[in-house]
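The values are calculated or read from the model by the stated rules, or taken from the named source; none is laboratory data. What you are looking at is a predicted structure, and each value in this text was computed from that prediction instead of being measured. Here the Cβ positions follow ideal geometry from the backbone for every residue, glycine too, while neighbour counts run over all protein chains shown. The protein model used for the area step is the full one, side chains on, heavy atoms only, and it has no ligands, DNA or RNA in it. Shrake-Rupley method; radii C 1.70, N 1.55, O 1.52, S 1.80 Å.
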Amino acid sequence: MHSYGTAGSWVTHLQNAISVAFLADYVLRIYSEPARLFYIFSLSGLVDLLSAIPIFNVFRYRKAGGDVYNLLQFLRIVRISSCITKLGMAGSTLTQQIILLIFSTAGAVVLVAGIIQWLEYHGASEKTKRMCPLEGCMSFWDAFYFVIVTIATVGYGDVVPVTIQGQAAIIITIMIAVAILPIQVSRISTLAYNRPYGGTFNSRKVLGSRFLIIGGSIELRVIQIFLAELYNPTHAEDLEIYPMHVIILAPFTPSFELQQLLSLYNNQVEFYEGCPSQTSDLDRISADKASAFFLLADKETLDPRTEDHTQIFRALAVSRYCKGRVRIVVEVLDPDALRCSVWDNAYGQGIEVICQTKLHNKLLARSCTIKGLYTFITNLFTSEIQLHNIPSMRHIVEYNHSFDNEVYPLIFPSAFHGLLFEEVTEFIYSSFNITLFALDTSGTVLLHPKGHSISSNDIGLVMATSLNTVYSISKFEGTCSNPQSRERKLLESVSSRWKKLGSVASFKRQEIPGIDSYLDGSQPVPVPSSPVGHHKLIVSLRDAVEKNHAALLSGNGFSDSTEIDALTSNYLEGEPSAALEASMDWTLAWPSADIYGRPHAVLLERNEQKILQDLQRRSIAIVSLKKAHILVCCQGKWPANLFYFLLELRKPTFPNHPVVILHPSQPDFYQWGSVGVFKDVFFVKGSPIHELDLMRAGVIHADKVIVLAYPGSPIDASGKGVQQTADTRKNPGAYTSDVDGIIILANIERLLHGDLTKVVIEMQHAIGLHYLWPYSQIPSCSIPADAYKRNPDAVAHFAPAYMEGRAVSPSMLSFLMRSSFYNKNTSSIVEQLVEGSVDDSKHARVLEQFEAPQKYVNRSYGDMFSELLAERGMLALGLYRAKGTHGSPCPYVFTNPPMDSIVSAEDLVFALI
């Protein structure tokens, strides 16, 4: 019987309490594991179960058999491995593996010593037990000493087991040690000569969760923003349901700063040293088991072409290894790389390609006509940095609401099936303050598809502040009542009708009889659906071309009327037969007939003299143009992607202002050859750093001034000396490009007497946005310390120059890679928002900006939203607030405002029309 007054009884009670705790832990582990059966029958599950078995001692008053249960308590030593893992001592790095091997070997020795001590006491006879001291016939230290001496094959013989059970145990121990110990020692030695982060990742430990791999050109800032977005608190609900583990694969040892960053994610992010193009490295990280594989490009490279070739090789290597089982998202730098045939599904097996440069130039060009567009787009797809103790400034509260909105997918409840898109949009906005702006129909994104009937296969795309609200809509079971009639046909906007005609050719309105009646809505627009109708439309356009030849050439970049005649005759009469030599001459002519792609180097070399002569004709000393122009200021190297910026400015839907390029050096024929293909583009030799050169370039009379950045060198702002240049490049404090931009903007501000409303400046990195006028800073007490450590660049979203869309940075578009994980159509959505729908069907839409109609001034935004949708078929997405609104020092973007927000007279409206 137990004696409850003895010290031993208290020890027993303590052991039982510990066993109860272990049993409760075991039950909770079964409940929380995503794969329960796998855990129950795994080694760790069995150890957890056996270590909890001594709980049966609670129900026993006799010690008979209790020693067997107590022996199982030794298994609790094995559970220390989980604590080691949580402390970061166990993992896949070399140091962690060595520590784990040493701990496991030492733990095995301690376990064997404890077993031998227990056997020596309980296997001895009663007479021997009475002769043994209180600690047993063999103390634990003696047993430990004996095991070490025996395994080391020294065998002094001063301590030996005397019981049969102890002798049998030591025989088994020696046999196991001979078989296993050399392997353990060999593994430790092998790891000692391996790369520091050359371990192996076991995908079974993330069973039931998502598993991402990030490879390619790894940079601290890029990874910092990438991880901050993936693990942003706004995705907390999603991450709780579907946990996510991230592997970073890079061919170098992580810096101290990168190690500190990874430590913030509690072993959810691991680093492995390796290369995506090496099969052995892909084997080590179980690449074929990943949910997605992201390949990042080096945006700081001086040779984008070589970097894109490297990305192609990496993508093909990963694709061949994964055999189409893993999403592969690859980033390229040159838009020309998007047209590479390697990305075809037959060869690239569905590799997804994203070009940040392409969308950056589209956004930059479109920002010439839509104020704040860059900020509107980037904030919409970037998770906010959650602030607390927000300053009592109304404009900051409104802008933070704008930053808080994101694009989420919406699964429509059955109550919405069969309703028109505009009816559902009105109901969702009035009931939940969420804007439904697009549909994903079988992988195709449709912006504001008026008249489309919602089906069970459609996925909505909404602007919302939280995922919980979107879930609440998906669970809606009521009746969708709407003030609009289902039979009401919304009128198509004037601009969308004009685009249907303007997409074929550019001409003046009066050149087509009755065009005014089409535009004012009194007659339907003649968009033919039959070949005969197309034939008549082309004839009308051909007549308009002959009367308005100059306007057509300047609008579409054709070199002469023969090209137009060839196009229209081909359309009417079929493809004519032509000699190969004549076709090649036409193809290699400059200006190039292919206005959608940058001229090939062979074409430029063939037309070198013609290009240089054209440059001489278009070089001017002082700008004196009859029409307001767009001034493009460049410093440093000639902009490599200037062609794509001008290509967007020359779209038929743009005003097509003359463009003046101000640069310190005269371009060569390669550089001017891709610029001179566009009409009304002029060159002024001079530096925008000098005010006189800005005056010569017509900065005062310009309609818009664009200050372009260039790949500048990092500035040693750390004070460590020039010998730290390599380290400074990894995490620089500033760049020469950004400093030049600050100087240029200051000069322009002086010449324009502080009016910078027509200026858009491009900064190489987001850090430079903090130094632009006007200066303002969010108080440090408003930013959570943990959020700031994870992504300090997120504060750049609150820089005043960025809030108004006057300052942009390509680094802000890094969301394209991150957001594509949650939504594959991210690039398509952004591209359509910037330049309109890609098709010419009835669903074609374009994002425009206009002054708030006078009748909505001082009324609620909700009233304007509903009436614009019902009466004009326009879908409002937000407001562009003027300077001074609620005391703001600058204009700012206000995305998806709450319904009770009051519209001001100076507000501009973002709307899909």
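When the criteria are applied in full, residue 694 fails the requirement of being more than 14 Å from residue 365 (Cβ to Cβ), in contact with a Cys (Cβ under 8 Å, 6 or more places away or on another chain) and part of a strand (DSSP E or B).
Identify, please: which residue in the range 217-261 is assigned to a helix (DSSP H, G or I) and charged (D, E, K, R) and is, among those, nearest to residue 300 (Cα to Cα)? That would be 221.
For the range 330-353, does any single residue satisfy the condition of being within 25 Å of residue 203 (Cβ to Cβ) and of a type in the set (Phe, Trp, Tyr)? Among the residues of the range 330-353, not one is within 25 Å of residue 203 (Cβ to Cβ) and of a type in the set (Phe, Trp, Tyr), which makes the answer no. Listed by first and then second residue, the pairs linking a residue in the range 625-639 that is under 25 Å from residue 303 (Cβ atoms) to a residue that is acidic (Asp, Glu), with Cβ atoms under 6 Å apart and 6 or more places separating them unless they lie on different chains, are 635/740. Of all residues in the range 651-709, which are among the acidic types (Asp, Glu) and free of Cβ contacts under 8 Å to residues at least 12 places away in the same chain? 668, the sole residue that qualifies.
Of all residues being modelled with pLDDT under 90 and hydrophobic (A, V, I, L, M, F, W, C) in the range 263-307, which is nearest to residue 813 (Cα to Cα)? Just the residue, please. Here the residue is 302.
If you go through the range 742-765 and keep only what is among the small types (Gly, Ala, Ser) and open to solvent by less than 40 Å² (accessible area, probe 1.4 Å), you end up with just 754.
Across the range 388-418, which residue is least open to solvent (accessible area, probe 1.4 Å) among those that are part of a loop (DSSP other than H, G, I, E, B) and out of contact with any helix residue (DSSP H, G or I) (no Cβ under 8 Å at 6 or more places or on another chain)? Filtering first and then ranking leaves 418.
Which is in contact with a Leu (Cβ under 6 Å, 6 or more places away or on another chain), touching a residue at least 40 places away in the same chain (Cβ under 8 Å) and surrounded by fewer than 22 Cβ atoms within 10 Å (Cβ to Cβ), of 849, 854? It is 849. If you go through the range 216-238 and keep only what is open to solvent by less than 20 Å² (accessible area, probe 1.4 Å) and free of Cβ contacts under 8 Å to residues at least 60 places away in the same chain, you end up with just 223. Set side by side, the residues 776, 828, 837 differ, and just one is surrounded by 21 or more Cβ atoms within 10 Å (Cβ to Cβ) and of a type outside the set (D, E, K, R), which is 837. Of everything listed in (1) over 30 Å from residue 236 (Cβ atoms); (2) open to solvent by 40 Å² or more (accessible area, probe 1.4 Å); (3) at pLDDT 90 or above, the single unmet condition for residue 422 is (2). For the range 111-145, a residue qualifies if it is among the β-branched types (Val, Ile, Thr), at pLDDT 70 or above and either surrounded by fewer than 21 Cβ atoms within 10 Å (Cβ to Cβ) or not in a helix (DSSP H, G or I) (or both), and exactly one does: 115. Filtering the range 442-466 to residues that are touching a strand residue (DSSP E or B) at 6+ places or on another chain (Cβ under 7 Å) and open to solvent by less than 30 Å² (accessible area, probe 1.4 Å) leaves 445, 446, 447, 448, 449, 458, 460, 461, 462, 463, 464. Of all the listed residues (675, 699, 660, 681), the sole one being at pLDDT 95 or above, more than 17 Å from residue 744 (Cα to Cα) and crowded, with 22+ Cβ neighbours inside 10 Å is 681. None of 370, 354, 385 is open to solvent by less than 20 Å² (accessible area, probe 1.4 Å) and not in a loop (DSSP other than H, G, I, E, B) except 354. For the range 239-256, residues that are surrounded by fewer than 14 Cβ atoms within 10 Å (Cβ to Cβ) and either in contact with a Cys (Cβ under 7 Å, 6 or more places away or on another chain) or under 22 Å from residue 383 (Cβ atoms) (or both) total 3. Picking from residues in the range 267-301 that are over 12 Å from residue 215 (Cβ atoms) and not in a loop (DSSP other than H, G, I, E, B), the one that is most open to solvent (accessible area, probe 1.4 Å) is 289. Taking residues in the range 320-345 that are over 16 Å from residue 214 (Cβ atoms) and of a type in the set (Lys, Arg), and partners anywhere that are at pLDDT below 95 and open to solvent by 10 Å² or more (accessible area, probe 1.4 Å), the pairs with Cβ atoms closer than 7 Å and at least 6 places apart or on different chains are 325/288.
Screening the candidates 335, 304 for the property of being under 20 Å from residue 637 (Cβ atoms), touching an Asp or Glu at 6+ places or on another chain (Cβ under 9 Å) and either open to solvent by less than 30 Å² (accessible area, probe 1.4 Å) or not small (Gly, Ala, Ser) (or both) yields one hit, 304. Taking the range 803-824 as the range and being surrounded by fewer than 20 Cβ atoms within 10 Å (Cβ to Cβ) and part of a loop (DSSP other than H, G, I, E, B) as the test, the residues that pass are 823, 824.
For the range 189-206, taking the residues that are in a helix (DSSP H, G or I) and surrounded by 14 or more Cβ atoms within 10 Å (Cβ to Cβ), the one that is modelled with the highest pLDDT is identified as 203. Condition test on residue 333, is it of a type in the set (A, V, I, L, M), over 25 Å from residue 286 (Cα atoms), in contact with a helix residue (DSSP H, G or I) (Cβ under 8 Å, 6 or more places away or on another chain) and modelled with pLDDT of 90 or more? When the stated conditions are applied, residue 333 passes them. Scanning the range 310-332 for residues that are assigned to a loop (DSSP other than H, G, I, E, B), surrounded by fewer than 18 Cβ atoms within 10 Å (Cβ to Cβ) and not charged (D, E, K, R) yields one hit, 324.
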